[in-house]
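Here the structure comes first, spelled out in structure tokens, and everything after it is commentary.
The values are calculated or read from the model by the stated rules, or taken from the named source; none is laboratory data. Keep in mind that what you see is a predicted model, and the values were worked out from it rather than measured. FYI the Cβ positions are ideal-geometry reconstructions off the backbone, even for glycines, and counts take in every protein chain you see. SASA here: full protein model, heavy atoms, side chains in, ligands and nucleic acids out. Shrake-Rupley method; radii C 1.70, N 1.55, O 1.52, S 1.80 Å.
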Amino acid sequence: MFSENYARVALTTHDPPRYSRLVELFARSRPSLTGTAAAASAAGSLAKVAKLVQPHLEEVEARIAQQAAAFDPAIEGYVVYAVGSRGKRLRPLLTLLAGGATGGINSGHIDLAVIVELIHIATLMHDDVMDEAERRRAQPTANARWGNSLSVLLGDCLFAHALTLSTNFENADIGRAIARTAATVCSGEMIQTQRKFDLNLGVQDYLRIVEMKTGSLFSVAAELAAVITEADPGVVQRFKNFGFQIGTAYQIYDDCVDLAGNETATGKTLGTDLRKGKFTLPVLIFLRSASEFEREQCCQLVLEERVEEMIELLKNGATNGALNESIAAGSDLIREAQGGLDGIGSNPYAEALFFLGDALCEMFDQLRV
């Protein structure tokens, strides 16, 4: 195992002992569907969850599209392009379900859903520049169409606009929480970039980065949804933790997709993490138990951008199947999140949050080898 004895700054306010427990779960797995059956099941399950709040999601979608009009006419077209390629909208979905589960969806939840999605879209603009990605959501990325400089500035504009919108809440603490989260997301991305090609990166370091860049935005979406409905502090904390764990698990899923997904199915450029020296969970699990020869082989493949050969190493059962182990870890984290909902008053929205976890587990199942 690589040494992790270097100075660390506390990157989150969450309890560190949870990490060691999560690491212990890496060897676990569970029976699952695979291939086409899993893909169809996951898509259907996610659609069923979204159906409960579909009118609200459509309102969020319309509001996101309307935001382009707030920009100077000279750049309005770029914003239309950036926000127009509809993704899963998981963050708005989480926001709306958490609002419904804690007392009912209102206009504040729509506003929050728009803001967290705009922040997410802004991060995608920057990610695509750093990864030199050419496609996302089945269309050319902004940087592929207009170059890196314009794309970075477009991401900046979206960030600034989202934070401007966040100042409209009467409760100033909501705007502050959103601003802090945006800073956390950016810090997580910076730290990940700083640690590229770093063989001293460990699983716990990876998890902290993932929590910052993805877990934090899911977390604030669920937390503030409960704040808007004026839920009890204990309930707010439960939803904050739920969003945090679901978001962290989703980033693990996205990292696994980058290695084992299908570009036609995902609509985006894959293999970018390895090409850019970002060591994600499957790679770190492989390196943790690899022999010296296997580590050297891995590093050589990464440096030479031989992504397909590296993926085969991560799938190989003889090397403990690092990809499947990562999938099991993400699924277990989702189950932990679902367990945290125990004690929340039962209603259709709370049940849908639980089923959202099931749908994400089914998405993981698609990737099993």
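Which of (1) under 28 Å from ALA144 (Cα atoms); (2) more than 22 Å from the chain's Cα centre (by Cα); (3) open to solvent by 50 Å² or more (accessible area, probe 1.4 Å) does GLU292 not meet, given it meets every other one?
It fails just one condition, (1).
Looking at the structure I just gave you, is SER331 in a helix (DSSP H, G or I), small (Gly, Ala, Ser), open to solvent by less than 30 Å² (accessible area, probe 1.4 Å) and over 21 Å from ASP205 (Cβ atoms)?
Values: in a helix (DSSP H, G or I): yes; small (Gly, Ala, Ser): yes; open to solvent by less than 30 Å² (accessible area, probe 1.4 Å): yes; over 21 Å from ASP205 (Cβ atoms): yes.
Judged against the criteria, SER331 is a match.
Just to check your reading of the model, which residue among THR102, THR141 is closer than 26 Å to ILE344 by Cα and of a type outside the set (Gly, Ala, Ser)? Full working, then the answer.
Values: THR141 fails: closer than 26 Å to ILE344 by Cα.
Only one candidate qualifies: THR102.
Only one of (1) farther than 16 Å from CYS361 by Cβ; (2) open to solvent by 20 Å² or more (accessible area, probe 1.4 Å); (3) in contact (Cβ under 8 Å) with a residue 24 or more places away in the chain is not met by TYR253, so which one is it?
Unmet for TYR253, out of (1) farther than 16 Å from CYS361 by Cβ; (2) open to solvent by 20 Å² or more (accessible area, probe 1.4 Å); (3) in contact (Cβ under 8 Å) with a residue 24 or more places away in the chain: (1).
Considering only region 238-257, I want to know if a residue exists there that is in a loop (DSSP other than H, G, I, E, B) and over 12 Å from the mean Cα position of the chain (by Cα). Lay out the reasoning, then the answer.
Within region 238-257, the subset in a loop (DSSP other than H, G, I, E, B) is none.
No.
I'm told CYS186 meets every condition in (1) touching a helix residue (DSSP H, G or I) at 6+ places or on another chain (Cβ under 7 Å); (2) within 24 Å of VAL129 (Cβ to Cβ) except one. Can you identify the failing condition by its number?
Going through the list (1) touching a helix residue (DSSP H, G or I) at 6+ places or on another chain (Cβ under 7 Å); (2) within 24 Å of VAL129 (Cβ to Cβ), CYS186 breaks only (1).
Among the numbered criteria (1) closer than 22 Å to LEU90 by Cα; (2) in a loop (DSSP other than H, G, I, E, B); (3) of a type in the set (A, V, I, L, M, F, W, C), which single criterion is violated by ALA222?
Every condition holds for ALA222 apart from (2).
Does LEU207 satisfy the condition of being of a type in the set (A, V, I, L, M), open to solvent by 70 Å² or more (accessible area, probe 1.4 Å) and modelled with pLDDT of 95 or more?
Values: of a type in the set (A, V, I, L, M): yes; open to solvent by 70 Å² or more (accessible area, probe 1.4 Å): no; modelled with pLDDT of 95 or more: yes.
Against the criterion (of a type in the set (A, V, I, L, M), open to solvent by 70 Å² or more (accessible area, probe 1.4 Å) and modelled with pLDDT of 95 or more), LEU207 does not qualify.
Need at least 1 residues that are open to solvent by less than 40 Å² (accessible area, probe 1.4 Å) and within 24 Å of ARG275 (Cα to Cα) per element, so show me which helices (runs of 4 or more DSSP H) inside region 90-184 make the cut, counting only ones lying wholly within it. Outline the logic, then answer.
On the way: elements: 90-101, 107-131, 142-146, 148-166.
Output list reads 107-131, 142-146, 148-166.
Condition (residue is within 30 Å of LEU207 (Cβ to Cβ) and either modelled with pLDDT under 95 or open to solvent by less than 10 Å² (accessible area, probe 1.4 Å) (or both)) applied to region 66-76: is it met by at least one residue? If you could, list the steps in order and put the result at the bottom.
Here is the first cut: in region 66-76, the residues within 30 Å of LEU207 (Cβ to Cβ) are none.
No: region 66-76 contains no residue that is within 30 Å of LEU207 (Cβ to Cβ) and either modelled with pLDDT under 95 or open to solvent by less than 10 Å² (accessible area, probe 1.4 Å) (or both).
Output the qualifying pairs, or none if there are none: Cβ atoms under 8 angstrom, residues six or more apart or on different chains, first residue in region 148-164 and of a type in the set (S, T, N, Q), second residue open to solvent by less than 10 Å² (accessible area, probe 1.4 Å) and assigned to a helix (DSSP H, G or I).
That search, which allows pairs on different chains as well, returns SER151/ASP128; SER151/ALA142.
What about SER326, is it assigned to a helix (DSSP H, G or I), among the polar types (S, T, N, Q) and under 23 Å from GLU189 (Cα atoms)? Lay out the reasoning, then the answer.
On the way: assigned to a helix (DSSP H, G or I): yes; among the polar types (S, T, N, Q): yes; under 23 Å from GLU189 (Cα atoms): yes.
The answer is yes for SER326.
What are the residue pairs meeting all of these: first residue in region 338-358, first residue under 15 Å from VAL53 (Cα atoms) and without any contact (Cβ under 8 Å) to a residue 40 or more places away in the chain, second residue open to solvent by less than 80 Å² (accessible area, probe 1.4 Å) and outside any helix (DSSP H, G or I), Cβ atoms under 7 Å, and 6 or more apart or on different chains?
PHE354/LEU341
Kindly indicate whether ALA82 is touching a Gly at 6+ places or on another chain (Cβ under 9 Å), at pLDDT below 95 and open to solvent by less than 10 Å² (accessible area, probe 1.4 Å). Working first, answer last.
Values: touching a Gly at 6+ places or on another chain (Cβ under 9 Å): yes; at pLDDT below 95: yes; open to solvent by less than 10 Å² (accessible area, probe 1.4 Å): yes.
Yes, satisfied.
I'd like the full set of residues that are modelled with pLDDT of 85 or more, assigned to a helix (DSSP H, G or I) and farther than 17 Å from GLU132 by Cα, limited to region 258-287.
LEU281, PRO282, VAL283, LEU284, ILE285, PHE286, LEU287
Is it the case, given these coordinates, that ALA265 is surrounded by fewer than 23 Cβ atoms within 10 Å (Cβ to Cβ) and of a type in the set (A, V, I, L, M, F, W, C)?
On the way: surrounded by fewer than 23 Cβ atoms within 10 Å (Cβ to Cβ): yes; of a type in the set (A, V, I, L, M, F, W, C): yes.
Answer is yes for this residue.
Yes/no matrix, rows are residues, columns are (1) more than 30 Å from LEU341 (Cα to Cα); (2) buried (at least 24 other Cβ atoms within 10 Å of the Cβ); (3) polar (S, T, N, Q):
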site: THR214; (1), (2), (3): no, yes, yes
site: GLY234; (1), (2), (3): no, no, no
site: GLU305; (1), (2), (3): yes, no, no
site: LYS315; (1), (2), (3): yes, no, no
site: ASN324; (1), (2), (3): no, no, yes
